[in-house]
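Colleague: Take this structure first; my questions come after.
Bear in mind these aren't lab numbers, they're just calculated from the coordinates by the rules spelled out. Note that the coordinates shown come from a computational prediction; the quantities given were computed from them, not determined experimentally. Please note: Cβ atoms are built from the backbone with ideal geometry, for glycine as well, and neighbour counts cover all protein chains shown.
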Ligand SMILES: Nc1ncnc2c1ncn2[C@@H]1O[C@H](COP(=O)(O)OP(=O)(O)O)[C@@H](O)[C@H]1O
Ligand SMILES: [Mg+2]
């Protein structure tokens, strides 16, 4: 009898006295951290810094990237980055979001529901920066697509690694050929940077980090921001 009542309470999410209780079977949801910034800003480098920190604090996590993270999204990524692809801006926006919805539904949301933290190298802010700023598509079109994302896929923390575009590009293309985006002109990258900063303005979910400094200085700021989130929401279960 008690067991039946107990199960009933858990399913409905109410305690014996009618107060709201968390279902016993569901772990606390994981937290969602995204890394943003232009090419060569240090996203991949600092993703490793975050992974190390989460491991040291026994926080379960997955790391992933955009566009990408699923077979479909990685195929779209190849098309998007291939310098010989001819893609009009609106198609580019829809391709990026097609990849994103697949990634969110198959990878990001399930991991967060399981209580894993998700670190993602680029997410929705990149669409505002590249397709909004870079390609000059109307902000409202991107906002409309953003509204289709589930609430759970709203980042808890966005680390915006901000660096002068020329400096980042030199770092990024030192040892390889430039992709379709990296072949864009300087003005494109100035607009990307401006759009990123516009997104970050006035929101406490964003940390704008000066990524023009040494690796160590950037990593210290990244670790402090992520450490704050771990302190707030708890580490390993
Ligand atoms: N703060 C930094 N100062 C100098 N070089 C850096 C810094 N951060 C990263 N790098 C180097 O710049 C290159 C691009 O870094 P990466 O992390 O791959 O950037 P992103 O993923 O943002 O394109 C790499 O060779 C990396 O070692
Ligand atoms: Mg990278």
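Colleague: Give me the percent relative contact order of the chain, please, defined on Cα pairs under 8 angstrom at least 6 residues apart.
Modeller: 30
Colleague: Relative to the longest principal axis of the C-alpha atoms of the chain, give the angle of the C-alpha long axis of helix 89-103, reported between 0 and 90° and rounded to the nearest 10°.
Modeller: 30
Colleague: Give me the one-decimal nm value for the distance between modelled label points at residue 72 and residue 224, 7 Å along each residue's Cα-to-Cβ direction.
Modeller: 4.2
Colleague: Further question on the same structure: Once both labels are modelled 7 Å past Cα along the beta-carbon direction, what's the residue 232-residue 215 spacing in nm?
Modeller: In this crude spin-label approximation the distance works out to 2.9 nm.
Colleague: Consider a paramagnetic label point 7 Å from the Cα of residue 178 along Cα→Cβ; state which residues of segment 56-100 have an amide N under 16 Å from it.
Modeller: Taking a point 7 Å out along Cα→Cβ of residue 178, the residues of segment 56-100 whose backbone N falls under 16 Å are 81-85.
Colleague: Stokes-Einstein at 37 °C, 0.692 mPa s, Kirkwood radius from Cα pairs: D for segment 51-209 in µm² s⁻¹? It would help to have the intermediate numbers written out before the result.
Modeller: Details: Rh = 16.6 Å.
The Stokes-Einstein estimate is 198 µm²/s.
Colleague: How large is the convex hull of the Cα atoms of segment 133-237 per residue, expressed in Å³ as a whole number?
Modeller: 154
Colleague: A follow-up question, please. If I model a spin label at residue 152 and residue 187 as a point 7 Å from the Cα along the Cα→Cβ vector, what separation in nanometres do I get?
Modeller: So the label points at residue 152 and residue 187 sit 4.4 nm apart.
Colleague: So if each residue of separation counts as 0.36 nm, and I subtract the Cα-Cα distance between residue 140 and residue 113, what length gain in nm does that give?
Modeller: 6.8 nm
Colleague: Mean residue ellipticity at 222 nm from the helices of the chain, using -39,500 (n - 2.57) per DSSP H segment of n ≥ 4 over the full residue count, to the nearest 500 deg cm²/dmol?
Modeller: Using -39500 (n - 2.57) per qualifying helix, the result is -14000 deg cm²/dmol.
Colleague: Using only Cα atoms and rounding to the nearest 10 degrees, what angle (0 to 90) does helix 2-12 make with the longest principal axis of the chain?
Modeller: Roughly 30 degrees between the two axes.
Colleague: Could you check what % of the DSSP bridge pairs in the chain are antiparallel, to the nearest 5?
Modeller: Details: 1 of 19 bridges.
Roughly 5 percent of the beta bridges in the chain run antiparallel, per DSSP.
Colleague: What do you get for the angle between helix 215-233 and the principal long axis of the chain? Use alpha-carbon atoms, 0 to 90 degrees, nearest ten.
Modeller: Orientation of helix 215-233: about 20 degrees from the principal axis.
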